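All remarks here apply to the structure that follows.
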């Protein structure tokens, strides 16, 4: 293992596969180890390039391996797949990761810091509470509808109208509906608690403050951008960042004829959702404003209104 220069690692919960090559590309390491011996093995390797897929736990392993003196590169799984030469198994995956890491034009995922990952957990937990609140509201609306009481979809209308409707229900149904309403109230308190934490991060982080200078980007979106993208230097320009988010058109071009379809929707779904909501806000207030961005948004909506491929968020 003394002459290994590049190692591809297929991560798992209990068993890890390693594939290492030397400077000439010759295989010098092919090993499968348990979790207990994994860290010890990587620590004994000479300083080299360590490549892994960007999956669960990859950022934590990356931070550890950097401390051992290794250069760590994370690769999106979809960029590894073309380099797998035969059937899918742990050994072939590790070999494909090693091969992909050596490509000169390969794109890599920036390793998140411990603080970035910690802040990102606030967004994940908050979004989970939001989804649970939506499910509970729909459950309550469905229960009330069974007894002839219909409430609009908006959460504020549920809080306003549901108590009076619950009083008109039979005892057992009223108890069930009251439990759902109380659960909604608790979820909203937890959501506000996490939102305060996120807003505090957006006020103290320099990059988040800069992001909020853009129209349609509030504290939650700014914090999500900073914590999700990792190192901003990984993107050469805004176009690469948009492609990473999946906001660029999918291409079906051949024979010199460009054909552009809908957006690819690759990347982080949560962050893309926040940005689309911000774009809706900009478009909603554009008629009352005269700045260049608002005029461009209105012109874009007018131009696309005549097209059958108009994005839904523009309507």
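Key figures
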quantity: One residue from 79, 68 being modelled with pLDDT under 95, closer than 26 Å to residue 115 by Cα and in contact with a helix residue (DSSP H, G or I) (Cβ under 9 Å, 6 or more places away or on another chain); calculated: 68
quantity: Filtered residue count, the range 61-77, keeping only those that are without any contact (Cβ under 8 Å) to a residue 24 or more places away in the chain and either under 20 Å from the mean Cα position of the chain (by Cα) or in a loop (DSSP other than H, G, I, E, B) (or both); calculated: 1
quantity: Residue check for residue 129: out of contact with any strand residue (DSSP E or B) (no Cβ under 8 Å at 6 or more places or on another chain) and free of Cβ contacts under 8 Å to residues at least 60 places away in the same chain; calculated: no
quantity: Residue list for the range 145-165, restricted to those being over 13 Å from residue 184 (Cβ atoms), assigned to a helix (DSSP H, G or I) and touching a helix residue (DSSP H, G or I) at 6+ places or on another chain (Cβ under 7 Å); calculated: 165
quantity: Answer residue from the range 251-283, given it is outside any helix (DSSP H, G or I) and under 19 Å from the mean Cα position of the chain (by Cα) and is nearest to residue 304 (Cα to Cα) among those; calculated: 263
quantity: So residue 39, is it over 25 Å from residue 78 (Cβ atoms), outside any strand (DSSP E or B), within 31 Å of the chain's Cα centre (by Cα) and in contact (Cβ under 8 Å) with a residue 12 or more places away in the chain; calculated: yes
quantity: Extreme residue, farthest from the chain's Cα centre (by Cα), among residues of the range 146-161 that are closer than 17 Å to residue 134 by Cβ and loosely packed, with under 12 Cβ neighbours inside 10 Å; calculated: 152
quantity: Options 242, 224, 286, 233; residue that is in a helix (DSSP H, G or I), outside the structural domain of residue 200 (by TED's automatic domain parsing) and farther than 30 Å from residue 113 by Cβ; calculated: 286
quantity: Qualifying residue in the range 47-62 (condition: out of contact with any helix residue (DSSP H, G or I) (no Cβ under 9 Å at 6 or more places or on another chain), outside the structural domain of residue 153 (by TED's automatic domain parsing), more than 20 Å from residue 14 (Cβ to Cβ) and modelled with pLDDT of 90 or more); calculated: yes
quantity: Which listed residue, of 94, 100, 110, is closer than 30 Å to residue 243 by Cα, surrounded by 18 or more Cβ atoms within 10 Å (Cβ to Cβ) and out of contact with any helix residue (DSSP H, G or I) (no Cβ under 9 Å at 6 or more places or on another chain); calculated: 94
quantity: So residue 121, is it in the same structural domain as residue 169 (by TED's automatic domain parsing) and surrounded by fewer than 18 Cβ atoms within 10 Å (Cβ to Cβ); calculated: yes
quantity: Cβ-Cβ under 7 Å pairs, at least 6 apart or on other chains, the range 193-218 side more than 15 Å from residue 274 (Cα to Cα), far side surrounded by fewer than 16 Cβ atoms within 10 Å (Cβ to Cβ) and at pLDDT 95 or above; calculated: 194/125
quantity: Only listed residue being surrounded by fewer than 16 Cβ atoms within 10 Å (Cβ to Cβ) and touching a helix residue (DSSP H, G or I) at 6+ places or on another chain (Cβ under 6 Å), chosen from 186, 207; calculated: 207
quantity: Some residue of the range 14-25 being assigned to a helix (DSSP H, G or I) and surrounded by fewer than 20 Cβ atoms within 10 Å (Cβ to Cβ); calculated: no
quantity: Tally, over the range 220-258, of residues that are in contact with a helix residue (DSSP H, G or I) (Cβ under 9 Å, 6 or more places away or on another chain) and free of Cβ contacts under 8 Å to residues at least 24 places away in the same chain; calculated: 6
quantity: Residues of the range 90-117 that turn out to be within 14 Å of the chain's Cα centre (by Cα) and in a helix (DSSP H, G or I), as a count; calculated: 2
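The values are calculated or read from the model by the stated rules, or taken from the named source; none is laboratory data. Worth saying up front: this structure is predicted, and the values here are computed from it rather than measured. Counting neighbours? That spans all protein chains shown, and the Cβs are built from the backbone with ideal geometry, glycine included.
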